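**Student:** Submitted below is the structure of interest, expressed as structure tokens.
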Amino acid sequence: MTTACWHCGEPLPPDPPQAEVAGIHHPVCCNGCRSVAEWIAQMGLADYYRLRTGPAGRAPDAAESERSAAAFLRPELSRHFVRTLADGRSEAIVLIDGMHCAACGWLVERTLTLLPGVVEVGVNAAARRARIVFDQKALALARIVDSLGRVGYRALPLDGATLDDARRRETRDAQKRLAVAAFGAMQAMMYASALWFGAFDGGDAATRDFFRWLTLLAATPVVFYSAAPFFAGATRLVKARQLGMDVAVALAIALACAGSVIEIFTGGVDIWFESVTMFIFFLCVGRYLEMQARHRAGELSGALARLTPAFADRLQPDGSLLRVGAFELARGDRVLVPDGGAVPADGTLETEQCQVDESLLCGESRPLRKRRGEALCAGSIVTGTPAVLRVTGVGADTVVAGIVALTERAASLRPRLARAGERAAAGFVARVLLLAACTAVAWAIVDPARAFAATVAVLVVACPCAFALAAPAAVTRALAVLTRRGVLVVRPDALEDLASVTHVLFDKTGTLTEPAIARETAILREGIDRDAALALAAALAQGGRHPLARAFTADAPVALAAVEGRDSVAGRGIAGVVAGRRYRLGRAGYALDCERCPSHLEDTVVLADDDGLVAAFHVDERLRPGAREAVDGLVRAGVSVMIASGDAKARVQAVAERLGIATWQARQSPADKLALLASLRAAGARVAVVGDGVNDAPMLAGADVAIAVGTAAEAAQAASDIVITGPLGALADARSTARQTLAVLRQNRRWALCYNLAAVPLAALGFVPPWLAAIGMSASSLAVVLNALRIGRATPEKLTVEEATVHQRAMA
């Protein structure tokens, strides 16, 4: 008689409710579980009960679920979940409490996909996270939370506490399973060694049988506890009619244990409990190392989530300070950050200057000097003097949230390399099972006494752990290395694409260079003060994403005036009304509204009103930190480097000469850049485009690999595959790391193939006992993991700078 709830596994009450699913009534513990089970069935998701590997969490009370969903209607809470993307859609990244297995992930994904207004859903079942892209006009976040509650899951914010708690639980569980496997294997080996070395030969058979029972006793907790995840995984795969590593592992363990138990009861000669426990122990070691690598890869998200402080000091209108929760801050609030304090939200600096540590955000180890009007990022540390900022972004709209969103987006996607590895492992499992069956039949004919041991040895020695781990181990390590270097891989397939890049096409302004306004050489209308003109230009430029806009804002001498009716034209300039007068800032032709501008204004940024020129500013440029290292590194690797810029010919040429770039194009419109990109690709080139993430969006979208640089807030909105938040020099390292990742992956697969080609025939012929097969399989898997840890170390350069420069000019 059933005593546990069909949905959640809790004990049943005396007169349990019945849930009707597919015409069959199942006893459940409460009306909540009945409602959840029937709702799952009504939505066409009853396959969840076939795919799951364990009971679901107990369904929440309906009233509690409604209260939780209603809480997300509060703006101060929802804005910490939801961020707005460039196309107007909304994105939320949440932790899913109650998600235990891949079937839970399947159910969450299907449930959310059925909601009207949901555009995209990515679920990472291992990390218990979900990324949801939706139209907030058609669907409220509260509806999403309520739908998750209906199927027994709870949405939690992606903050440091919940991240640490989830990671701690997973680590503790893995450590317990590993400890049980280690102790059990040690005890089983100790008892079995007495049997191996003939301690009971010619002696008392009862004592020998006693030691066999002790070996069984030592192996039992290892099989039923430490190996439980492998049996659960195999059950899920079989229910889904798929093959995978866990199927071969579970079958090998089950056959070896069953055969050993039969041998004990029938007085046979051979038992394999010590081999089974050793096999499980090494498997647990491999899983534990894989988990640690995955946690290290996700450390950035956890560290960033912990950066934002819990409280902030908000400046009141009367000048007093009020301590509030950081989640209570809103745009426009003024906040005081003390020396050594963390910035609680994104904002613009209102004090004259300060120094901030943004090492975790951008990889820059030294404190950065910020001037009034420049942006401060949530989580950066103020050093030296206190700072006052005006809040511009909170919660999910901060730079920190943007970086976390990028890393989570990558984690929710499965790269081609991993998918190909899974297909190869599945095919290999099918061949192994066929070979094991053939081995059993052959030995049953030749020598039935050796058939069982040979079959088990084939299953164990040919377990495709190395095949299955080859791609995940290499990709996970590569992502972790690049993340620490300030390179965020948004699309995991970009690693494979970056390794094959033959050309890198750079934008100039904001990518290779950073602009600075030359105040002393400004051309001014008579009667106009230089600082006043600069203040007008900065007012128009404030909030702009173009690097020139930021240069004006950073150099503003006084507080900025309010602007009405701001309007920008891509590649030309920006216009707006200040104090009732309309101004235009940008190229001379745009600002002066003329087709042919004066030659002396050609290389300036012009501020004009309806009466004509107000001021013309010359723009100086300095190389972006790491630009020279990036170009030199790419050139040494034999990659052709080019510049395509909308700037004047003289400026582009000067930068190209300083960086040693032989091929460059000036005065390029977005259409010209796209045409250049198309011509390169038509010639067979694999092109990576490096831009500032916003102004080069069309060219980025058309590239084989789109690389955005600049602030993470901008880059997160871009159509980019890779985001560089630190020095540009990390680009060359990223390509080297990508190539090294593919090389390591090929090595791992070759090793796994050679090992199996050598070991499987020996096992099938009976030369490899099960215990030796377990050691060989485990050593093969550990070799794959350890080899993947080499990724990120220094790799030899292919060409010297001189040789690469010659190559560049030849390509040009």
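**Student:** Based only on the alpha carbon positions, what is the Kirkwood hydrodynamic radius of the stretch 561-687, in angstrom?
**Tutor:** Computed over Cα pairs of the stretch 561-687, the Kirkwood hydrodynamic radius comes out at 17.0 Å.
**Student:** Now for a separate question. Straight-line reach from K239: which lysines fall under 16 Å, measuring Cα to Cα and dropping same-chain residues less than 8 apart?
**Tutor:** Result set, ordered by chain and number: empty.
**Student:** So how do 470-483, 603-616 stack up, highest first, on mean other-Cβ count within 10 Å?
**Tutor:** 470-483, 603-616
**Student:** Give me the accessible area per residue for the stretch 560-644, probe 1.4 Å, as a whole number in Å².
**Tutor:** I get 47 Å² per residue for this part.
**Student:** Here is a follow-up. Just from the alpha-carbon atoms, what are the Rg and Dmax of the stretch 481-537 in angstroms?
**Tutor:** 20.9, 59
**Student:** Another question, then. What order do you get for 506-513, 231-238, 640-647, 131-138 when each peptide is scored by the mean count of other beta carbon atoms within 10 Å, highest first?
**Tutor:** Peptide ranking by packing, descending: 506-513, 640-647, 231-238, 131-138.
**Student:** Among 313-321, 343-351, what's the highest-first ranking by average C-beta atoms within 10 angstrom per residue?
**Tutor:** Put in order of decreasing packing, that is 343-351, 313-321.
**Student:** On to the next question. Can you check what the net charge comes to around T215, using other residues whose Cβ is under 14 Å from the Cβ of T215 (Lys, Arg +1; Asp, Glu -1)?
**Tutor:** That sum, taken over residues with Cβ under 14 Å, equals -2.
The values are calculated or read from the model by the stated rules, or taken from the named source; none is laboratory data. In this text, all values refer to a predicted model and were calculated from it rather than measured experimentally. So basically every Cβ, Gly included, is an ideal-geometry build from the backbone, and we count neighbours across all protein chains shown. These area figures cover heavy atoms from the full protein model, side chains too; ligands, DNA and RNA do not enter into them. Shrake-Rupley method; radii C 1.70, N 1.55, O 1.52, S 1.80 Å.
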